[in-house]
1. In the stretch 103-112, which residue that is modelled with pLDDT of 95 or more and not aliphatic (A, V, I, L, M) is surrounded by the fewest Cβ atoms within 10 Å (Cβ to Cβ)?
2. For the stretch 46-62, give me each residue that is over 18 Å from residue 115 (Cβ atoms) and not aliphatic (A, V, I, L, M).
3. Quick check, is residue 31 surrounded by fewer than 19 Cβ atoms within 10 Å (Cβ to Cβ), at pLDDT 95 or above, of a type outside the set (Val, Ile, Thr) and on the phi > 0 side of the Ramachandran plot?
4. Can you tell me which residue within the stretch 81-102, out of those that are assigned to a helix (DSSP H, G or I) and at pLDDT 95 or above, is farthest from residue 71 (Cα to Cα)?
Amino acid sequence: MRAQFTGEKPTTGMLYDWSGLHAILEELPEGHWTTYGSLAAAIGTASQAVGNHLPQCPQCANGYRVLKCDGTISPGFVWTDADDNNRDPVAVLQEEGLAFVDSKADPERELREPAVLELVGTSSEGSALPD
């Protein structure tokens with residue numbers, strides 16, 4: 001789109017480096033949850049991009065621990081492994097010790113941006129995540 005307005009030739013083949021997201025998700029502990037927005041802020045992208053990436057990526061461990069900002073499961077949630085499609089993500093989270101009230105995860109167990117960065121040994125001031 002930018003090329004249309006600037007006259008620049010569009011670049012192709014440039015992919016976003018999702019390794020920071022993968023590192024955070026691998027460390028996301030049982031009984032806790034985070035949001036698409038917190039992950040996006042931690043890795044420097046948009047929440048919609050995170051939401052689009054998660055269901056397509058077999059490297060995204062613990063994607064079921066990523067919830068909407070109100071603590072509910074995204075209506076478009078799918079497991080990356082087709083063999084898991086019969087599993088209820090709420091039931092899995094409850095088995096891990098996360099409480100739900102009115103279909104919303106316990107807000108006290110939410111890990112926001114600073115906490116998710118700490119999972120991989122960094123802080124929001126000096127992110128060690130890939131650019």
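1. Initial filter on the stretch 103-112 (modelled with pLDDT of 95 or more): 104-112.
From the residues that got through so far, the ones that are not aliphatic (A, V, I, L, M) too are 104, 106-110, 112.
Working: 104: 14, 106: 16, 107: 10, 108: 7, 109: 17, 110: 18, 112: 13.
Once the filter is applied, the top-ranked residue is 108.
2. The initial filter retains those residues of the stretch 46-62 that are over 18 Å from residue 115 (Cβ atoms), namely 46, 48-49, 51-60.
If the condition is that a residue be over 18 Å from residue 115 (Cβ atoms) and not aliphatic (A, V, I, L, M), then 48, 51, 52, 53, 55, 56, 57, 58, 59, 60 are the ones that fit.
3. Working: surrounded by fewer than 19 Cβ atoms within 10 Å (Cβ to Cβ): yes; at pLDDT 95 or above: yes; of a type outside the set (Val, Ile, Thr): yes; on the phi > 0 side of the Ramachandran plot: yes.
So residue 31 passes the test.
4. Pass one, the stretch 81-102, residues assigned to a helix (DSSP H, G or I): 82-84, 89-95.
Remaining after also requiring at pLDDT 95 or above: 89-95.
Details: 89: 12, 90: 11, 91: 14, 92: 15, 93: 12, 94: 13, 95: 17 Å.
The residue in question is 95.
The values are calculated or read from the model by the stated rules, or taken from the named source; none is laboratory data. Please read all numbers here as calculations on a predicted model, not as lab measurements. Ideal geometry is used to build each Cβ from the backbone, glycine not excepted, and the neighbour counts take in all protein chains shown.
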